[in-house]
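S.K.: Please find one structure pasted underneath; my questions will follow.
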Amino acid sequence: MGTKGVSVQLPFFLLFSGFFFIETFKLGSCNGDLQVGCKEIEKRALLKFKEGLTDPSGRLSSWVGDDCCKWGGVSCNNRTGYVIKLKLRNPFPNSYDIDQTTHELGGEINPSLLNLKYLNYLDLSMNNFGGIRIPEFLGSLTKLRYLNLSSASFGGTIPPNLGNLSTLRYLDLESSVDGLKVNNLQWLSNFKSLKYLNLASVDLSKVASSWLSTMNMFPSLVELHLPLCQLSNLPISLPLVNLTSLLVLDLSNNGFDSTIPYWLFNLTSLAYLNLNSNNIHGGLPDAFSKLTSLENLDLSENSIEGRLSRGLQNLCNLWNLDLSTNKITGEISEVINGLSGCKNNSLEMLDLGSNELTGSLPDSMGHLINLRYVVLRQNLFSGSIPETVGNLSSLEELYLSNNQMSGNIPPRLGQLSSLVVLDISENSWEGVITEAHLLNLSSLKEISLYKESPNISLFFNIDSDWIPPFKLIYIRIRSCQLGPRFPPWLRNQNKLITVVLNNARISDTIPDWFLKFGLQLDELDVAYNQLRGTVPNPLQFSDSSNVDLSSNLFEGPLPLWSSNVSTLYLRDNLFSGPIPPDIGELMPNLTDLDISWNSLNGSIPLSIGNLNGLTTLVISNNLLSGEIPHVWNNVPLLYIVDMSNNSLSGTIPSSIASLRSVRFLILSSNNLSGELPSGLKNCTEMISLDVGDNQISGRLPAWIGENMTSLLILRVRNNSFAGNIPPSICYLSALHILDLSQNKLTGLVPPCIGNLTGFKTEVTPETVRYEGRLQVMAKGRMLQYFSTLYLVNSLDISRNNLSGEMPKEVTSLTRLGTLNLSMNHMTGNIPANIGSLEWLETLDLSMNNFSGSIPPTMASMTFLNHLNLSYNNLSGKIPTGNQLLVLEDPSSIYVGNVALCGFPLTIACISSDPPQAPAGESIGETDDALEKILFSICIGSGFFLGFWGVCGTLIIKQRWRGAYFHFLEGVKDRLFEVLYLKLTYLQRKVFGS
């Protein structure tokens, strides 16, 4: 909501919810000027009530002495002395500075309260009664006009005998989480004078079909709060609307599955309407076009826009309209046009965020001159901001982020002198921002021009001498050009708390004037620029702050700051030297540390073990050496550990198995040796395990498949694992990358590999998780994936000593993108239905002993762009068609299979079809004659062509004789080359890869 979110809503809360506090206050009298002391029977009743309560902070310590009318929270009638008011609300609810739990009353509520015969006000809200039921005897306090038990941790069913309180005007039973519920609402029917009703978070699911008819019985009701009540039914119509006095209606956070009900537009006094976070859908005109009972509705207007405008004009008293977080469709212009049609428009707060509204913001938006708070983010708006927005002189907060808006930002935006928060992020703005866009924004404290896309189309062109009229607290600008200099117009912004200047094309050093501010920042993000030099030490940070200096040209030793920094991203710079040995003492509150892609050397400091709250440790792609220290017992919350691409040696420490919460353990491309520590089997929530490119030996543990069933990536390539592939590997049904290549594995490929359903399931962007950068052998070369790693489906068990047939079950892995079984000892036929791997892009079966023909179904693999079947024993005709015709270097795909024929090889296939006899004759009757004739023709023509076509021409032409013998020499060289490759291949088969 931004810096002003609380301050905007607070006046409204005081205006409505506070109204009844004041009115009820007039019903009795305060403590002052009492002429009569309290009654003895009521004093004893209060003391007995106190005995049943727990009071950890001593809030009731004033309950001593004879005159109970002077006790804290107790008020008496100044004429009769009877107790009329008991106000024991927790004075510090939701306080960040004080432990509110110490001020919560609890225990039991004693029936002695029944002796307070004239009690008309009872407030026990914001306390903690531990889930006990609301006492039924409260229904006997028949003088009550005000009852507030909200958020006091009562549980169970609301007692129906509360309906005996027929004089109630104010009833607040807002429930704590999983607290109160009702079985029916008949007990509410006696509240004829009720003005305020709050059943927020009370489970009303059993009365979902009747709640509206019950609430419609209260013509005096002014406020109705039913958020989070598990209501699913929102009736579209009401025969008669009695809620004519209603000012406030809150039905947010329910499960309504309907369009906007048109009876709402008969509530002409309504000032506050909140329907946010439901499942309301459909176009707004669908509801408004049915407003046939509305007064002043001109049915002669046939356009939907006209009916919509008339419907909204019936709600001209609206102060707050919140329809956010639904599925409302339609044109935003129809809504704005309708709201702006009121002659005396009162609308100050408009929230239509997180819907599916389309179109462009209309010029009529400038007619809503009382608007202070506008939230239109996360819709499908297009176009630009209308120039008329400059008319909204009262506007304090404007949120247009996450739409499809584009074009130039109008300079008239700079006329909004009351504007405090401007968030127009995640749109496609273009053009230039000048001083005119900021000229009169004297109240501005927060500006967000944030875009995840790295493409820059918006440029700041502000004079270096210009001094802004505002004092920003938050500035978030990403993927807009501010550079090449660090923005000089910020040199008077000495109240900044958040500074985000990410991907802003700044090629500069951090200026001295910025450092002299002495700012206490909670966020500094200047990543993806070309800032250079050493990082200055004077930077100061507040508690739990975030620092991101990634992808710049900073150099020198690794910078460290105060203990307040919680996230520190310094990756992809030129930092050098060791990791400071006292990093754990200097920054003990670190939760995220990423110092990868630098030139850091030395060993991993032992003080890392002091970072008890650390969840992310990424120190990859440096020059670190030495052993991994035994410090992991002290960092139990680690979620991501990436030490890859260093020169770490020794064994993987057994203490790393204490990281029960670790999801990503990436230790690849080091010099680690020994076996995988068995304690890793306790890391049952592992998602990515990568120990590739090391010297790890031993058997591939069966517990990987048995215990790490959530694995998405298992990569152990280029190690010395031996033995069989454990069948338990097939339990890893979520795998989408399995790389066991370049080891010493033997035996068969387990047929249960078909159980790896992760290779059968479509992956969506919602499943994106941190998986780091990963190198995967695909398309015949090593490729590095990062942001699209979740899309990679790869099975690579190449360069081992595996034998046996290729299991036909592998063809059920229909989403597989890479299949590499090359350089093993596998035999048998290629499965006939291999064409069912329709998403396969890379297939490498080379250097095995596969035999038989190439399955024709392979021609149907339309995504295939890399195929290698070389050096096997395949035979027969090569299939043709589709993708097989466009593969690169087609002849090398089949080399080393001497019995293959057909395109693209030069060896033609001899047809094996049986001869066909002429009609009316059998083959047996004509065989002898045909054989004689054909034999004579072949012998004669063969001799003539063979002798004179070759020898004759060689005798006549001396130049042709030289070419012929040169050709024979080339054939001899080619035969020797093939023979040498075959002998090399056989030697590798015999002595291992």
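S.K.: Taking the options E104, E174, name whichever one is more than 21 Å from D55 (Cβ to Cβ), out of contact with any helix residue (DSSP H, G or I) (no Cβ under 9 Å at 6 or more places or on another chain) and crowded, with 19+ Cβ neighbours inside 10 Å. Can you show your working first?
M.R.: Numbers: E104 fails: more than 21 Å from D55 (Cβ to Cβ).
On inspection, the qualifying residue turns out to be E174.
S.K.: Okay, moving on. Are any residues in segment 665-722 in contact (Cβ under 8 Å) with a residue 60 or more places away in the chain and among the hydroxyl-bearing types (S, T, Y), and if so, which ones?
M.R.: Answer for segment 665-722, where residues must be in contact (Cβ under 8 Å) with a residue 60 or more places away in the chain and among the hydroxyl-bearing types (S, T, Y): just S688.
S.K.: Pull up segment 626-657, narrow it to residues that are small (G, A, S) and crowded, with 17+ Cβ neighbours inside 10 Å, then point me to the one that is modelled with the lowest pLDDT.
M.R.: A657
S.K.: Still on this structure: Just to be sure I understand, how many residues within segment 365-414 are in a loop (DSSP other than H, G, I, E, B) and closer than 18 Å to S346 by Cβ?
M.R.: Within segment 365-414, residues that are in a loop (DSSP other than H, G, I, E, B) and closer than 18 Å to S346 by Cβ number 10.
S.K.: Would you please list the contacts, defined by Cβ atoms under 7 Å and residues six or more apart or on different chains, that run from a residue in segment 252-272 that is farther than 21 Å from N242 by Cβ to a residue that is in a helix (DSSP H, G or I)?
M.R.: As it stands, the answer is T259/D286; T259/A287, since those pairs meet every condition given.
S.K.: Here is a further query. Looking only at segment 118-148, count how many residues are closer than 24 Å to K39 by Cα and basic (K, R).
M.R.: 2
S.K.: Let me ask another. What number of residues within segment 667-724 satisfy the criterion of being in a strand (DSSP E or B) and either in the same structural domain as G758 (by TED's automatic domain parsing) or surrounded by fewer than 19 Cβ atoms within 10 Å (Cβ to Cβ) (or both)? If you could, list the steps in order and put the result at the bottom.
M.R.: Of the residues in segment 667-724, the ones in a strand (DSSP E or B) are 671-674, 688-690, 695-699, 713-715, 720-724.
The next check asks that each one be either in the same structural domain as G758 (by TED's automatic domain parsing) or surrounded by fewer than 19 Cβ atoms within 10 Å (Cβ to Cβ) (or both); those that pass are 671, 673-674, 695, 697-699, 720, 722-724.
Final tally of qualifying residues: 11.
S.K.: Right, another one. Looking at segment 501-560, which of the residues that are polar (S, T, N, Q) and more than 24 Å from C480 (Cβ to Cβ) is modelled with the lowest pLDDT?
M.R.: Among those residues, the one meeting the criterion is N537.
S.K.: Could you tell me whether any residue of segment 729-751 is touching a residue at least 24 places away in the same chain (Cβ under 8 Å), in contact with a Gly (Cβ under 7 Å, 6 or more places away or on another chain) and among the polar types (S, T, N, Q)?
M.R.: For segment 729-751, residues touching a residue at least 24 places away in the same chain (Cβ under 8 Å), in contact with a Gly (Cβ under 7 Å, 6 or more places away or on another chain) and among the polar types (S, T, N, Q): present.
S.K.: Take the residues of segment 859-879 that are touching a helix residue (DSSP H, G or I) at 6+ places or on another chain (Cβ under 7 Å) and in a loop (DSSP other than H, G, I, E, B): which is nearest to N829 (Cα to Cα)?
M.R.: Kept after step one, since they are touching a helix residue (DSSP H, G or I) at 6+ places or on another chain (Cβ under 7 Å), are these residues of segment 859-879: 859-862, 864, 867-871, 878-879.
Cutting the leftovers down to in a loop (DSSP other than H, G, I, E, B) gives us 861-862, 864, 869-871, 878-879.
Numbers: M861: 18, T862: 22, L864: 20, L869: 12, S870: 14, Y871: 14, I878: 14, P879: 15 Å.
Looking at residues that are touching a helix residue (DSSP H, G or I) at 6+ places or on another chain (Cβ under 7 Å) and in a loop (DSSP other than H, G, I, E, B), I get L869.
S.K.: Follow-up. So L273 passes all but one of these: (1) touching a Phe, Trp or Tyr at 6+ places or on another chain (Cβ under 7 Å); (2) within 29 Å of Q378 (Cα to Cα). Which condition number does it fail?
M.R.: Of the numbered conditions (1) touching a Phe, Trp or Tyr at 6+ places or on another chain (Cβ under 7 Å); (2) within 29 Å of Q378 (Cα to Cα), the odd one out for L273 is (1).
S.K.: Considering Q784, Q742, which residue is loosely packed, with under 15 Cβ neighbours inside 10 Å, within 21 Å of S669 (Cα to Cα) and at pLDDT 60 or above?
M.R.: Being loosely packed, with under 15 Cβ neighbours inside 10 Å, within 21 Å of S669 (Cα to Cα) and at pLDDT 60 or above holds for just one of Q784, Q742, which is Q784.
S.K.: Of all residues in segment 131-166, count the ones that are surrounded by fewer than 17 Cβ atoms within 10 Å (Cβ to Cβ), among the hydroxyl-bearing types (S, T, Y) and out of contact with any strand residue (DSSP E or B) (no Cβ under 8 Å at 6 or more places or on another chain).
M.R.: Residues in segment 131-166 being surrounded by fewer than 17 Cβ atoms within 10 Å (Cβ to Cβ), among the hydroxyl-bearing types (S, T, Y) and out of contact with any strand residue (DSSP E or B) (no Cβ under 8 Å at 6 or more places or on another chain): 3 in total.
S.K.: Sort out which residues of segment 214-265 are at pLDDT 85 or above and not in a loop (DSSP other than H, G, I, E, B), and write them in order of number.
M.R.: Of everything in segment 214-265, those that are at pLDDT 85 or above and not in a loop (DSSP other than H, G, I, E, B) turn out to be T214, M215, E223, L224, H225, V248, L249, D250, W263, L264.
S.K.: When segment 866-894 is examined, which residues are found to be crowded, with 17+ Cβ neighbours inside 10 Å and under 18 Å from L821 (Cβ atoms)?
M.R.: H866, L867, N868, L869, S870, Y871, N872, L874, I893, Y894
S.K.: Here are some conditions: (1) part of a loop (DSSP other than H, G, I, E, B); (2) closer than 16 Å to G674 by Cβ. S649 meets all but one. Which one does it not meet?
M.R.: (1)
S.K.: Going through W561, W489 one at a time, which residue ends up being closer than 30 Å to S443 by Cβ, of a type in the set (F, W, Y) and over 29 Å from the mean Cα position of the chain (by Cα)? Walk me through how you get there before you give the answer.
M.R.: Numbers: W561 fails: closer than 30 Å to S443 by Cβ.
Criteria check complete, one pass: W489.
S.K.: What are the pairs with Cβ atoms under 8 angstrom where one residue, in segment 837-853, is over 11 Å from L869 (Cα atoms) and the other, located anywhere, is among the β-branched types (V, I, T) and in a loop (DSSP other than H, G, I, E, B)? Sequence gap at least six, or different chains.
M.R.: So the pair list comes out as L837/T814; E838/T814; E838/T862; W839/T814; G852/I830.
The values are calculated or read from the model by the stated rules, or taken from the named source; none is laboratory data. For clarity, every value in this text was computed on a predicted model and none was experimentally measured. Here Cβ is always computed from backbone atoms with ideal geometry, including for glycine, and neighbour counts include all displayed protein chains.
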